[in-house]
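The values are calculated or read from the model by the stated rules, or taken from the named source; none is laboratory data. Keep in mind that this is a model prediction, so the values were computed, not measured. Here the Cβ is made from the backbone with ideal geometry for all residues, glycine too, and neighbour counts use every protein chain on show. Quick note on the areas: whole protein, heavy atoms, side chains included, nothing else; ligands and nucleic acids left out. Shrake-Rupley method; radii C 1.70, N 1.55, O 1.52, S 1.80 Å.
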Amino acid sequence: MARERQHSPRTGDGGMSRRSLLGRSAAVAAGATALTATAAGPAAAAATRDVDVAIVGGGLAGLTAARDLVAAGRTVTVLEARDRVGGRVVNLPLANGGVTEGGGEFIGPTQDRVKALADSLGVATFATYNTGKNLLYKDGRKTPYATDGLLGSVPPVDVAGLANAAIVQASLDDMARTVPVDAPWTAAKAAEWDKQTFESWLNANAVVPSAKFLLDVACTSIFSAEPRELSLLFVLFYIAAAGNESTPGTLERLTETANGAQELRFVGGSQLLPVKLAASLGERVVLNAPVRTIVRSGGRYVVTADGITVTAKRVVVAVPPPLAARIRYEPLLPAARDQLTQRLPMASVGKAIAIYDTPFWRADGLNGQVVSDTGVISSTFDNSPPDASYGALMGFIEADEARKLDAASEAEVRAAVLKDYVTYFGDKAASPSSFVLQRWNNEAYTRGGPVSIAAPGVLTQYGPALRAPVGGIHWAGTETSVHWMGFMDGAVRSGERVAKEVQAVL
Ligand SMILES: Cc1cc2nc3c(=O)[nH]c(=O)nc-3n(C[C@H](O)[C@H](O)[C@H](O)COP(=O)(O)OP(=O)(O)OC[C@H]3O[C@@H](n4cnc5c(N)ncnc54)[C@H](O)[C@@H]3O)c2cc1C
């Protein structure tokens, strides 16, 4: 890295700042040694670097882009706002020495790029626990049901509802097949589909109340958003994107555990992926460095973060669109790009994980997966480790339920969540040995999740600005991916795509 100059204030601890370790136990275990420029305090001179490509954001997208550009012989600096890498992927340490995942966790078929990344980093996968019955909690009644029948994991509501839901699902898949994943706004019916919400379409098509319930639950579990918040075209694009170059996406692949997006997990937790990627990049990754401005100056870009300034030929912005909009750009971005990012809010999500001495629900013949019409938590998973040395129940707090709790204390959220777990799994659920909560709406550098969402009118008006570079500024992040947008796989794909894009013009 001969052309990379590093002038980082030293902290007297061997060059590694007090605040610079990648954060949390998993990162430390990986032995990464990224530097931060801010640890010496406000009086220290800002560090400077001069590289080919400055990358904003040390999530899977930014780190993948960095890996590929370095492999192509380019110099890079990744500027990451947090004190850890991984963004929406985070391992949370447990009191019992284990880890659990507070963000992205599952992968499944056709998510080839994140699987290839894991293989290359030596991170193994294991099957999400899926033995035994799912549980439907509806109208105050618990119904355990097997998932190996014709319906798969579709909850056994009344026959009329199941028939209606099957027709709705087939229609959505049929419509999604006509949506080009690289330009959904060019679909033949794009205008018609982008002027209505998913809610209004469901009201006209999921006419049996129990079918509407099934589709509502599917919507909140996939997007952590209510159907009223989403453009029908956006939903169809998301379904279309749930596949790869040879296998079209389907709604079923988004919702299922076996053969679906929830099929596999990573041994040691998903954050091992970004942590290991960052470790291989070493001091190219700078933590605690939120980027504030990107200024074009002559033929180059000056990227200013807290404590460090990087000059570069090209910039990759690999943060979610609403966060990208919080950076100041000079000259101003084109109006279409700025208006786009004004209109792609993050959905609303939290995760609550209760830890028990054993996964006791398994002895009751349950696999830990719940679908519910009530409560703070309407969908759960068994998040126990592969050796089941302890039990972990993970529940999603989604959409309206997440927003209701944004200002609640952790104790209040814990009480509400455990009340639901007791309803679903009985009294043993009342007293976990520990309880972990991750509330993405309250995270400064994410502000929601799992993904940015689009209301009517956004894709058809502003879609073309999603990936189009602006001068030397290129856009990455899962939201820019044509396959598995919203997922870890999409993030990796976007990093690979943007590295090629930049490489072609450097
Ligand atoms: C609760 C939850 C559950 C999920 N479940 C799954 C799942 O099971 N499977 C799956 O595949 N996906 C899942 N996802 C989605 C998945 O985590 C994301 O799609 C993926 O991690 C996005 O990666 P990214 O690199 O595009 O963005 P991010 O991970 O958001 O990375 C962006 C990075 O940029 C940093 N940043 C932001 N602003 C600045 C700035 N100004 N300067 C410098 N850095 C900045 C952030 O700190 C962050 O590290 C889930 C997400 C959440 C929140």
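Some notes on this structure:
- Sole exception among (1) part of a helix (DSSP H, G or I); (2) open to solvent by 30 Å² or more (accessible area, probe 1.4 Å) for S246, by number: (1)
- Out of A188, A204, sole residue that is open to solvent by 30 Å² or more (accessible area, probe 1.4 Å), in the same structural domain as G161 (by TED's automatic domain parsing), assigned to a loop (DSSP other than H, G, I, E, B) and on the phi < 0 side of the Ramachandran plot: A188
- Residue match in the range 473-493 (condition: away from the ligand (no atom under 12 Å from the Cβ), closer than 30 Å to W201 by Cα and buried (at least 17 other Cβ atoms within 10 Å of the Cβ)): yes
- The single condition from (1) open to solvent by 40 Å² or more (accessible area, probe 1.4 Å); (2) assigned to a helix (DSSP H, G or I); (3) out of contact with any strand residue (DSSP E or B) (no Cβ under 9 Å at 6 or more places or on another chain); (4) farther than 27 Å from D112 by Cβ that Q169 fails is (4).
- For A241, the criteria (1) surrounded by 22 or more Cβ atoms within 10 Å (Cβ to Cβ); (2) aliphatic (A, V, I, L, M); (3) within 27 Å of G375 (Cα to Cα) hold in every case but one, which is (3).
- If you go through the range 249-270 and keep only what is small (G, A, S) and open to solvent by 20 Å² or more (accessible area, probe 1.4 Å), you end up with A258, G268.
- Answer from D338, D357, D387 - the residue that is closer than 27 Å to V291 by Cβ and of a type in the set (D, E, K, R): D338
- Evaluation of E443 against the conditions (1) touching a helix residue (DSSP H, G or I) at 6+ places or on another chain (Cβ under 9 Å); (2) within 16 Å of the ligand (Cβ to nearest atom); (3) not polar (S, T, N, Q) shows that the sole unmet condition is (1).
- If the condition is being assigned to a loop (DSSP other than H, G, I, E, B), within 16 Å of the ligand (Cβ to nearest atom) and open to solvent by less than 60 Å² (accessible area, probe 1.4 Å), then the range 324-363 contributes A325, I327, L333, L344, A347, S348.
- Of the criteria (1) over 29 Å from S210 (Cα atoms); (2) touching a Leu at 6+ places or on another chain (Cβ under 6 Å), which one V370 fails: (1)
- Residue selected from the range 33-67 under the condition more than 14 Å from the ligand (Cβ to nearest atom) and either modelled with pLDDT of 95 or more or within 24 Å of the chain's Cα centre (by Cα) (or both), by the criterion nearest to A325 (Cα to Cα): V53
- Residue count for the range 409-440, restricted to those that are closer than 30 Å to R228 by Cβ and open to solvent by 20 Å² or more (accessible area, probe 1.4 Å): 10.
- Total residues in the range 141-165, condition crowded, with 21+ Cβ neighbours inside 10 Å and out of contact with any Phe, Trp or Tyr (no Cβ under 8 Å at 6 or more places or on another chain): 4
- Some residue of the range 492-501 being out of contact with any helix residue (DSSP H, G or I) (no Cβ under 9 Å at 6 or more places or on another chain), over 29 Å from C219 (Cα atoms) and of a type outside the set (F, W, Y): yes
- Complete set of residues in the range 174-183 that are assigned to a helix (DSSP H, G or I) and either buried (at least 21 other Cβ atoms within 10 Å of the Cβ) or under 23 Å from the mean Cα position of the chain (by Cα) (or both): A176
- Qualifying residue in the range 453-462 (condition: at pLDDT 95 or above, in contact with a Pro (Cβ under 7 Å, 6 or more places away or on another chain) and within 16 Å of the ligand (Cβ to nearest atom)): yes
- Within the range 472-506, being over 29 Å from L254 (Cα atoms), of a type outside the set (A, V, I, L, M) and touching a Lys or Arg at 6+ places or on another chain (Cβ under 6 Å) holds for one residue alone: G472.
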